[in-house]
Amino acid sequence: QVQLVETGGGLVQAGDSLRLSCAASGRTFSNYAMGWFRQAPGQEREFVAAISVNGGSTYYADSAKGRFTISRDNAKNMVYLQMNSLKPEDTADYYCAASFGPLLAVVNTPETWGQGTRVTVSS
């Protein structure tokens, strides 16, 4: 398994941008599909975005389409989530996830989680 550590959360205003980073260590990072999930207070954890092992394919939740961009740098063992035009409803703890194999593996059955980073968007 890989180990995941998220950074980049914080307090921003509506309309601002924020980039989350996830550093991976352990097993061969390039063998893992990666994803971002979030959990708002009192809500269940939900899928946000995913990226395939080579970065060639991405998949987004409807709430993220057009505003968020997931990317990865396999040379640096990093995955990113660029979040633009943030809204108060984006306030949540954001989690990086990994699954060995294809993109849908991390969407449907994430194997490994980071500890999360909190994003708060004020109105």
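Restricting Ala64, Ala33, Ala50, Ala23 to those that are outside any strand (DSSP E or B), at pLDDT 95 or above and under 13 Å from the mean Cα position of the chain (by Cα) reduces the list to Ala64. Just a yes or no: is a residue in segment 45-52 more than 18 Å from Val5 (Cβ to Cβ) and polar (S, T, N, Q)? Scanning segment 45-52, I find at least one residue that is more than 18 Å from Val5 (Cβ to Cβ) and polar (S, T, N, Q), so the answer is yes. Each residue in segment 40-52 was checked for being surrounded by 15 or more Cβ atoms within 10 Å (Cβ to Cβ) and either under 23 Å from Asp93 (Cβ atoms) or in contact with a Gly (Cβ under 8 Å, 6 or more places away or on another chain) (or both), and 6 pass.
Among the residues of segment 88-108, is there at least one that is open to solvent by 50 Å² or more (accessible area, probe 1.4 Å) and under 23 Å from Gly10 (Cβ atoms)? Yes, some residue in segment 88-108 is open to solvent by 50 Å² or more (accessible area, probe 1.4 Å) and under 23 Å from Gly10 (Cβ atoms).
Restricting Val12, Val79 to residues that are outside any loop (DSSP other than H, G, I, E, B) and in contact with a Lys or Arg (Cβ under 6 Å, 6 or more places away or on another chain) narrows the list to Val79. Of all residues in segment 75-102, those being touching a Phe, Trp or Tyr at 6+ places or on another chain (Cβ under 6 Å) and more than 19 Å from Gln43 (Cβ to Cβ) number 3. Screening segment 71-95 for residues that are out of contact with any helix residue (DSSP H, G or I) (no Cβ under 6 Å at 6 or more places or on another chain) and among the polar types (S, T, N, Q) and picking the one that is nearest to Val2 (Cα to Cα) gives Ser71. Restricting attention to segment 69-86 and to residues that are of a type in the set (A, V, I, L, M, F, W, C) and touching a residue at least 24 places away in the same chain (Cβ under 8 Å), the residue that is surrounded by the fewest Cβ atoms within 10 Å (Cβ to Cβ) turns out to be Met78. Does segment 99-118 contain at least one residue that is in contact (Cβ under 8 Å) with a residue 60 or more places away in the chain, of a type in the set (Phe, Trp, Tyr) and under 14 Å from Leu4 (Cβ atoms)? Yes - at least one qualifying residue is present in segment 99-118.
Residues in segment 7-35 that are touching an Asp or Glu at 6+ places or on another chain (Cβ under 9 Å) and under 15 Å from Gln115 (Cα atoms): Gly9, Leu20, Ser21, Cys22, Ala23.
The values are calculated or read from the model by the stated rules, or taken from the named source; none is laboratory data. Bear in mind that the values here come from a model prediction, so they are computed numbers and not experimental data. Neighbour counts are summed over all protein chains in view; Cβ atoms, including those assigned to glycine, are modelled from backbone coordinates with ideal geometry. Just the protein is used for accessible areas: all its heavy atoms, side chains included, with ligands, DNA and RNA removed. Shrake-Rupley method; radii C 1.70, N 1.55, O 1.52, S 1.80 Å.
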